[in-house]
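Encoded as structure tokens, the structure appears first; notes follow it.
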Number of protein chains: 2
Amino acid sequence: MSGVERLGEQLERIERVRKSRRGRFYLRDDFITMSHGSGGKATHNLVEGVFATAFSNPVLDRMDDSALLQLSGARLAFTTDSYVVRPLFFPGGDIGRLAVHGTVNDLAVAGAVPLYLSVGVVLEEGFAVAELRRIVESMKSAAEEAAVSIVTGDTKVVERGKADGVYINTAGIGLVRPDASVSAGNARPKDQILISGRIAEHGVAIMMARNDLDLETQVESDTGPVHELAAALIDRLGSDVRTLKDPTRGGVATALNEIALQSQVGLVIDEQRVPIRPDVRGACELLGIDPLHMANEGKLLAVVAAGRGDNALDALRGHPLGLDAAIIGEVRTEPEGLVASRTAVGGERILDMLVGDALPRIC
Amino acid sequence: MSGVERLGEQLERIERVRKSRRGRFYLRDDFITMSHGSGGKATHNLVEGVFATAFSNPVLDRMDDSALLQLSGARLAFTTDSYVVRPLFFPGGDIGRLAVHGTVNDLAVAGAVPLYLSVGVVLEEGFAVAELRRIVESMKSAAEEAAVSIVTGDTKVVERGKADGVYINTAGIGLVRPDASVSAGNARPKDQILISGRIAEHGVAIMMARNDLDLETQVESDTGPVHELAAALIDRLGSDVRTLKDPTRGGVATALNEIALQSQVGLVIDEQRVPIRPDVRGACELLGIDPLHMANEGKLLAVVAAGRGDNALDALRGHPLGLDAAIIGEVRTEPEGLVASRTAVGGERILDMLVGDALPRIC
């Protein structure tokens, strides 16, 4: 197949998905609610109903975690995220570490080597400079850990009460690996689905830090970079790595739904195969939130070609952050755009995106 | 001179400037104040004292409005800005238009063709979706006007009262023109200084919109893209364009101080040659703010090689946005790092960066 034909096919698929999404996501609200920030269904309604429609262009319409750009011969990934997590410091991390690794991870799941970050901070009048320095030091070491440079920035201040200490935006640029060809739109029937480790730890750590629940054990956020896990997978499987996602806001369930929708396939996972700490599962039960909807900030969700699951598992487990990796499901032809979950008793339930605002300001 | 020697010289200069800046800017405050967001001296103290020290690397240390990146053969400019302007809508523009053109302009003054933007919004719970749509439509038309594509984005929501409707961050990528070689560190003695049009209109428009003063005439913000003005200059003068700046927060005076500091030269301007509407000057007098400290959001400040001022003026005036362009001063050897202003009566005064918080949340 020639490059021109492939591009034409890709554009057709994007247009088809764009239309089907438009039908599925529609913003009916007159006012912004906390659920629009959940990363789940309401966020998708807002993004599709307001932003994606207005700004529509071929790069944006792919709706991956990073934009893919061709610039003077270089293939770049470009992404942005704002961080409004509350509290600013939590077990296992802080807003600074999150802001660096979140954007590093969005580049990594585009099959890119993360390289450069920008940082924009909105500070609240009265915020302690000592806390700001702590956050900046944390960003510095997070950047070193992920081998990225912070190369440009901006600082604004708003009046007391008009922010919670600090909001941080990071944007990032990475160089897409020539051997990578990943997109949420690339999953094909019979492909296999993997997760790099135990889920729901960021969400539970944040809820615990807010004193929303009291457990005997300590749960730390998994905030960390997944670029080496992504690289290990691509090193081993090349273009047999179809899709990579970091299942943050909205959790694994929302990320899987995005893949099902973008690829126009059905996904099914086996709940018992999803790795999770028993105390984290217990915390989720106490909170009444499905762990599959809980945010992760250092996990990689991967779809790989049929039959390559074991190689992928091996590649992930070869990295210290991937020791608990597991194959958790597979891709089906139908029902198109939906995710099913096989329960412990053998039934199947539909696994939707996160609905509502159970987890405000989780990142 | 070989490329290696030139690079060595550049790095030496950057190191020298970095050290002299460190001495000049030092953060003594324990808490963030509104003046840290003014764009003037306190902002520089914060940026130098906290961010630049921690994140120091050769790209960041240039401290230009955009970072310059070499990526797989492509020479890129990369920049970011957050926008917290109050009110969200003002005569001549709104936060959306500002957020697009502000970042477009930071790329343009790096000698780059602006190409791609990211958008990160922090929304306040309860914000009207109709207002958000208005802002998004404004961003869309601003992007079209500047020929850039919005290719990636992110949406967060914070509780009622924790933001003022919406804060917007944009980051941008542009391709640096091969014939451009501009930097705030490139001004040389005898170079000439130009401004592309009448100053202080954004600042005055915002102050009027806040009902801080009541004038008979209407002043509109100059919010707009300067990329065509920058291109016209580079088309005509090539590398004889030494420095480009968009004098936003902190105004022309702060931008000139940044050039003096980065280039280790003295600058002198002739106040009477700086174009300004009489009613805008009157408004500044009422407010007790030097118009040279007032923000502009669609003006280009340029330093060009000695003897090229008239060519530069001609290039600027050939564009509808440059009809009021003027040569306003020149570069001197001394006093190094300082800006002087010749007053109407023939004296000279030192023109410092904006000090204090006279103009909070101007962009």
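Using C-alpha positions alone, give me the convex hull volume of chain A per residue in cubic angstrom. Please list the in-between numbers first.
On the way: hull volume 52.0 nm³, N = 363.
Dividing the Cα hull volume of chain A by its residue count gives 143 Å³.
Once each part is reduced to its C-alpha centroid, what is the distance from the range B:184-222 to the range A:171-221 in angstrom?
Here the answer is 47 Å between Cα centres.
Straight-line reach from A:Lys299: which lysines have a Cα under 22 Å away, not including same-chain ones fewer than 8 places off?
Excluding near neighbours in sequence, the set is A:Lys41, A:Lys140, A:Lys245, B:Lys156.
Show the residues, 5+ positions off or on another chain, whose built amide H is closer than 5 Å to the amide H of B:Ala146.
Hits under the 5 Å cutoff: none.
What are the residues whose amide H is under 5 Å from the amide H of B:Ala340, where those residues sit 5 or more places off or on another chain and H is modelled from the backbone?
Placed amide hydrogens put B:Leu267, B:Val268, B:Ile269, B:Leu351 under 5 Å from B:Ala340.
Can you give the net charge of the other residues whose Cβ lies under 12 Å from the Cβ of B:Val122, counting K and R as +1 and D and E as -1?
Residues close to B:Val122 contribute a combined charge of -2.
Among A:Leu11, A:Leu316, A:Leu301, which one moves the most in a GNM of chain A with springs linking Cα atoms closer than 10 Å?
Maximum fluctuation in the GNM of chain A, among the listed residues, is at A:Leu11.
Tell me, what HN-Hα J-couplings in whole Hz come from the Karplus equation 6.51 cos²θ - 1.76 cosθ + 1.60 at θ = phi - 60° for each residue of the range A:186-203, using x for Gly and Pro?
9, 5, 10, x, 6, 4, 10, 10, 10, 10, 7, x, 6, 9, 6, 6, 5, x
Decide, for the range B:68-178, between rounded, prolate and oblate: order the square roots of the alpha carbon gyration tensor eigenvalues as a ≥ b ≥ c, take rounded if a/c falls under 1.5, and otherwise choose prolate if a/b is larger than b/c, else oblate. Spell out each step's value before the answer.
Working: a/c = 2.55, a/b = 1.96, b/c = 1.30.
The shape class here is prolate.
Taking H as built 1.01 Å from N, whose amide H comes closer than 5 Å to the amide H of B:Val176, not counting residues under 5 places away?
For B:Val176, the qualifying residues are B:Arg75, B:Leu76, B:Ala77, B:Val113.
Lys and Arg at +1, Asp and Glu at -1: add these up for the other residues within a Cβ distance under 13 Å of B:Ser35 and post the number.
Spelling it out: positives minus negatives among the neighbours equals +1.
Rounded to whole Hz and in sequence order, give me ³J(HN,Hα) for the range A:300-308 from the Karplus expression 6.51 cos²θ - 1.76 cosθ + 1.60, θ = phi - 60°, writing x for Gly and Pro.
Couplings: 10, 9, 10, 10, 10, 4, 3, x, 9 Hz.
Among A:Pro291, A:Pro275, A:Pro320, which one shows the highest mean-square fluctuation when chain A is modelled as a Gaussian network with alpha-carbon springs under 10 Å?
A:Pro320
How many nanometers, to one decimal and shortest first, lie between the label point of A:Arg210 and those of its other copies, if labels sit 7 Å from Cα toward Cβ?
Result for A:Arg210, in nm, nearest copy first: 3.2.
Run through the other copies and list how far each one's label point is from that of A:Asp352, in nm with one decimal, shortest first; the point sits 7 Å from Cα along Cα-Cβ.
Going from nearest to farthest copy, the values are 6.1 nm.
Hey, if you put +1 on the Cβ of every Lys and Arg and -1 on every Asp and Glu Cβ in the protein assembly as shown, which of A:Ile259, A:Thr43, B:Asn211 ends up farthest toward the positive end of that dipole?
Final value for the positive-end residue is A:Ile259.
Where does chain B land at 222 nm, in deg cm²/dmol rounded to the nearest 500, when only DSSP H runs of n ≥ 4 count, each adding -39500 (n - 2.57), divided by all residues?
-9500 deg cm²/dmol
Write down the radius of gyration of the range A:192-350 and its Dmax, each obtained from C-alpha positions, in Å.
15.2, 45
Applying the Karplus parametrisation 6.51 cos²θ - 1.76 cosθ + 1.60 with θ = phi - 60° to the phi angles of the range A:320-334, what ³J(HN,Hα) value in whole Hz is obtained for each residue in order, glycine and proline being reported as x?
x, 7, x, 4, 9, 4, 8, 7, 10, x, 8, 9, 10, 6, 9
Distances in nm, one decimal, shortest first, from A:Pro335 to the same residue in every other copy, taking the label point 7 angstrom along Cα→Cβ.
Those separations, rounded to one decimal, come out as 7.7 nm.
Using a Gaussian network model on chain B with a 10 Å cutoff between Cα atoms, which of B:Pro225, B:Pro278, B:Pro91 fluctuates the most?
Result: B:Pro278 has the largest fluctuation of those listed.
Can you give the net charge of the other residues whose Cβ lies under 14 Å from the Cβ of B:Asp352, counting K and R as +1 and D and E as -1? Walk me through the intermediate numbers first.
Working: positive: B:Arg24, B:Lys41, B:Arg349; negative: B:Glu258, B:Asp290, B:Glu348.
Residues near B:Asp352 contribute 0 overall.
Every number in this text was worked out from the coordinates using simple rules, so none of it is lab data. Owing to the predicted nature of the structure, the values given are computational and were not obtained by experimental measurement. Backbone-built Cβ (ideal geometry, glycine too); neighbour counts: all protein chains shown.
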